[in-house]
Structure formats: C-alpha cells, structure tokens
C-alpha cells in the first residue's frame, strides 16, 4: 500500500509554485496598469513619445502574462488582469485618437473585445479632460471636436443592443459617461457663447473707433 505523504508533498510543491507565480503575475498586472495610467497622463501633457514608451512597456508585460495564461489560466484570468487590459486599451485608444484621429482596434493591441469596450467607455472621461484643456487654451473649436468624439463613443456603445448587456460593468460606465457628456456639453456651450460675445464686443469696439476718427 502506498503512503499518503509523497502524494501530499507533491501537492504542497505544486501549490507553493503556483503561489509564487500568482504573486509575480499580480505584481506585473499592477505594473502594467500603472504604466498605462501614467501614459494617459503624459498624453494629456502632450508628451506623446514618452507615453508611447510606457505603453510599449505595458504591452510587453501583458504579452508575457498572456503567454503564461496557457499554463496557468486560473491565475492569469481574473479581475486584476482584466483591469490591466482595460487600462491598457484606454491608453492605446486615447493616444491613437490624439495622434491619428482614429480608433485603434482590439486586434491591433491584442485585447479581448470586452476589455476593449470597457476601456473605450473610460476614454469618454479622458476626452472631457482634453475638452477642458482646450477651453483653457481658448480653443473652443478643438473642445467641440473632442465633445463629438465623446458623443460618438457613447452612441456607438449604446448601439451594441443585446451585446451591450453581455459586457459586465458597461451599463454603469455608460451611465457615468452620459452625465460626463452632459456636463461637458454645458461647458463647451458656455465657452462658445462667451467667445462669440467677446468677438462681437471686439468688432463693436473697432467699429466705434472708426466712427470716432
């Protein structure tokens, strides 16, 4: 009759190894998330090349994690990895929008559709920040362009119909996004009106000076 001890020793060894892998992968997931967050901040600071380098670092980590998923799917796939993928998708979408005025695809950045959709929803909040930066710089036209992007993202996400309900958390993100868009529309409208009044007063002042010459 075989003894139980060798069997349990083997199980213990396997569990210890898995725990080490879990710890390392979780650290890498956190690092990828952090790199993507920092990249988004750099995009807003108009430091696109630096942002691209951080995104590339995040991409390398994510690719390594996706490779490990073949052997350890139970460790890799979970909330933390999904969060890293969503943040990574958000950073890529935002940078490509700013640089190329287009939406990067899930295939281009090798991100699952669900995580791409959730990252896309978060881009609406980043576009609001871009709108406010544009308004502070006195560029209402640019602010309106970002507002159009916000509208497009929201409308297209809502148009997913049945698939919309198959993405956990998307409804909540879209509810938040709707409020963000409404507030941003008010900010842009106010700035456009202010600028129109300012332009009118300038024209009026120039006309008055001509009359008084």
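The values are calculated or read from the model by the stated rules, or taken from the named source; none is laboratory data. Here the structure is a predicted model, which is why all the values come from computation and not from measurement. Neighbour counts are summed over all protein chains in view; Cβ atoms, including those assigned to glycine, are modelled from backbone coordinates with ideal geometry.
Key figures for this structure:
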item	result
Output for segment 94-129, where each listed residue is under 17 Å from residue 84 (Cβ atoms) and without any contact (Cβ under 8 Å) to a residue 12 or more places away in the chain	113
Entirely in segment 41-135, the helices (runs of 4 or more DSSP H) that have 3 or more residues that are surrounded by 15 or more Cβ atoms within 10 Å (Cβ to Cβ) and out of contact with any strand residue (DSSP E or B) (no Cβ under 6 Å at 6 or more places or on another chain)	48-68, 79-100
All positions within segment 126-142 that are within 13 Å of the chain's Cα centre (by Cα) and farther than 16 Å from residue 182 by Cα	none
Matching option when the condition is surrounded by 19 or more Cβ atoms within 10 Å (Cβ to Cβ) and modelled with pLDDT under 95, among 166, 170	170
